[in-house]
Amino acid sequence: MQQDDDNTSERIAKRLARAGVASRREAERMIEAGRVRVNGERIDSPALNVTLSDRIEVDGAPLAAAEPPRLWRYHKPVGLVTTARDEKGRATVFEKLPEDLPRVMSVGRLDINSEGLLLLTNDGELKRRLELPSTGWTRRYRARAHGRIDEAGLEPLRRGITIEGERFQPMVVSVERVQGGNLWLSLALKEGRNREIRRALEAVGLAVNRLIRVSYGPFQLGDLAAGGVEEVKWKILRDQLGLKRDPDTLRGPAAKTPEPDVETKRGRKPGARSDAKPGRDGGAKRPPGAGRGPKPGGETGGKSGARPASRRGSPRGAPRGSRRG
């Protein structure tokens, strides 16, 4: 064990995160709870550097070697919480994933009443990198809300709004269409605070009754069915995120990552509609499903080359203790 950084050492929490045990923050809590040993000694502080030669145990079991980082697109349905365990006994995302998935954690969260794209990864460092605001990726949503509003009413959201002392960054927002007593809006933002869109729209007199995340950076929901999972091809991770197959190379600060056009084997973006392409950070030129409500089941339409969930393994309802959120 080493107390000072060098070219061959890293913090113990970071090593646990890269091995897929938990996120870095969760790993720090595990260490403080005395669940981690290094070279036979129980440790209680994450301020410790380890090398590849150190023997690490978690809950008495040897730490597995870190696997190459992987990323999946998941279409989260309404009614699931994005956590490993829920104290209220509600169903979680991780209980419903196909059994053939390895242990994964989510990149950010979607609340129980929200649906759409949720990224999953087996690598805690990749999770942290994609969640950092400095990554600069835009999250795009479609919201159905009850009420009426004009362009002037949306201006506070475009300038940035303060709610109960909390400042929200400016959003790109536009009305897609009116449907009875509701209206559909397209929104784009670069942060992911708790219930941010719902709170912001409520502040301008709109009550959200459906919220769908349609993209996260270059990754799109497309027509991936509710509950469906599809792995992002390794070539995309390598080319767009600069990752290598050796997990030990996922180091260094998270630089601002561009939002490139992500090609699939079929020459189309994952989840891209044939009639809609995302615009720049200034907002979508035409949001997925613009001009009509989403199809039943939360699908947004279009073809992405995504395989249905049934071809990735049937979702199972039984909890699996090996997965962590």
- Message: Among (1) at pLDDT 95 or above; (2) among the hydrophobic types (A, V, I, L, M, F, W, C); (3) surrounded by 16 or more Cβ atoms within 10 Å (Cβ to Cβ), there is one condition L243 misses while meeting the rest; what is its number?
- Response: (1)
- Item | Members of region 184-222 found to be over 24 Å from K127 (Cα atoms), crowded, with 17+ Cβ neighbours inside 10 Å and of a type in the set (D, E, K, R), listed by number | R198, R210
- Message: Name the residue that is nearest to A17 (Cα to Cα), counting only residues in region 35-55 that are within 30 Å of the chain's Cα centre (by Cα), part of a loop (DSSP other than H, G, I, E, B) and touching a residue at least 24 places away in the same chain (Cβ under 8 Å).
- Response: P46
- Across region 69-113, the tally of residues that are of a type in the set (D, E) and out of contact with any Lys or Arg (no Cβ under 8 Å at 6 or more places or on another chain) stands at 2
- Item | Residues of region 103-119 classified as crowded, with 19+ Cβ neighbours inside 10 Å and within 12 Å of Y216 (Cβ to Cβ), total | 7
- Query: If you take the residues of region 159-183 that are under 18 Å from V214 (Cβ atoms) and of a type in the set (A, V, I, L, M), which of them is surrounded by the fewest Cβ atoms within 10 Å (Cβ to Cβ)?
  - Reply: V175
- Item | Residues of region 61-102 satisfying the condition of being exposed (fewer than 15 other Cβ atoms within 10 Å of the Cβ), out of contact with any strand residue (DSSP E or B) (no Cβ under 8 Å at 6 or more places or on another chain) and more than 15 Å from A17 (Cα to Cα) | A61, G79, E87, K88, G89, E99, D100
- Task: Would you check if there is a residue in region 56-63 being outside any strand (DSSP E or B) and of a type in the set (V, I, T)?
- Result: no
- Residue by residue through region 100-111, note down the ones that are touching a Leu at 6+ places or on another chain (Cβ under 7 Å) and assigned to a loop (DSSP other than H, G, I, E, B). V104, L110
- Query: Is it the case that some residue within region 77-99 is in a strand (DSSP E or B), aromatic (F, W, Y), under 30 Å from Y216 (Cα atoms) and at pLDDT 90 or above?
  - Reply: no
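The values are calculated or read from the model by the stated rules, or taken from the named source; none is laboratory data. What you see is a predicted model; the values in this text were computed from it and never measured. Counting neighbours? That spans all protein chains shown, and the Cβs are built from the backbone with ideal geometry, glycine included.
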